[in-house]
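What follows is a set of notes on a single structure, which appears directly below.
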Amino acid sequence: MTTELHILAWALVLALIQVLLPSVIRSREVGLGHNGGPRDEPGPPVGKLTGRLMRAQGNLFETLPVFAVAILIAHLAGREGTLTLWGAWLYIIARVVYLPLYAAGVPFLRSLVWLVSLFGILLVLVPII
């Protein structure tokens with residue numbers, strides 16, 4: 001298996017972590033009874049950290065499909081090389097750095113890190129376009 005595919009697998013692990021984090025924090029806010037129940041009635045407002053983690057998750061889910069498909073196309077087309085490797089590394093590192101920056105509410109730097117992840121996707125796309 002190529003390094004790019006390994007990085008894609010780690011991006012999926014990151015996605016699972018980002019699915020679990022808001023749920024865990026929300027359970028601390030409202031208790032397991034509410035979060036584990038049917039939630040037919042609205043609960044208390046979402047806390048600041050939970051909201052940030054939910055938005056960071058949504059942000060990841062906007063780019064992850066594009067990244068995954070780009071990696072798979074590059075692999076299937078036999079176009080993996082220096083650019084796809086650099087792109088994959090930039091994407092995963094930036095996404096890992098992005099999460100705590102968003103959770104901590106760090107402005108501007110968070111957006112710069114997001115741009116780095118986007119640039120990583122673009123590097124993966126260059127050899128297949």
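The values are calculated or read from the model by the stated rules, or taken from the named source; none is laboratory data. Not measured: the values here are computed from a predicted model. When we count neighbours, we look across all protein chains shown, and the Cβ atoms used for this are built from the backbone with ideal geometry, even at glycine.
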Exercise for the section: Return the pairs, sorted by first residue and then second, in which the second residue is polar (S, T, N, Q) and surrounded by 17 or more Cβ atoms within 10 Å (Cβ to Cβ), the first residue lies in segment 118-129 and is in contact (Cβ under 8 Å) with a residue 40 or more places away in the chain, the beta carbons are less than 8 Å apart, and the residues are 6+ apart or on different chains. Expected result: Leu118/Thr63; Ile121/Thr63; Leu123/Thr84; Val124/Thr84; Pro127/Thr84
Problem - Of all residues in segment 1-29 being over 21 Å from the mean Cα position of the chain (by Cα) and either among the small types (Gly, Ala, Ser) or farther than 18 Å from Gln57 by Cβ (or both), the one that is surrounded by the fewest Cβ atoms within 10 Å (Cβ to Cβ) - result: Met1
Practice task
Using the structure shown, decide if Ile93 is surrounded by 14 or more Cβ atoms within 10 Å (Cβ to Cβ) and touching a residue at least 40 places away in the same chain (Cβ under 8 Å).
Solution key: no
Problem - Criterion violated by Gly78 - all others in (1) surrounded by 14 or more Cβ atoms within 10 Å (Cβ to Cβ); (2) more than 22 Å from Leu115 (Cα to Cα) satisfied - result: (1)
Handout entry: Which listed residue is farther than 20 Å from Ala56 by Cβ, at pLDDT 95 or above and more than 11 Å from the chain's Cα centre (by Cα), from Pro107, Pro100, Pro127
Key = Pro127
Handout entry: Filter result for Leu60 (within 15 Å of the chain's Cα centre (by Cα), aliphatic (A, V, I, L, M) and modelled with pLDDT of 95 or more)
Key = yes
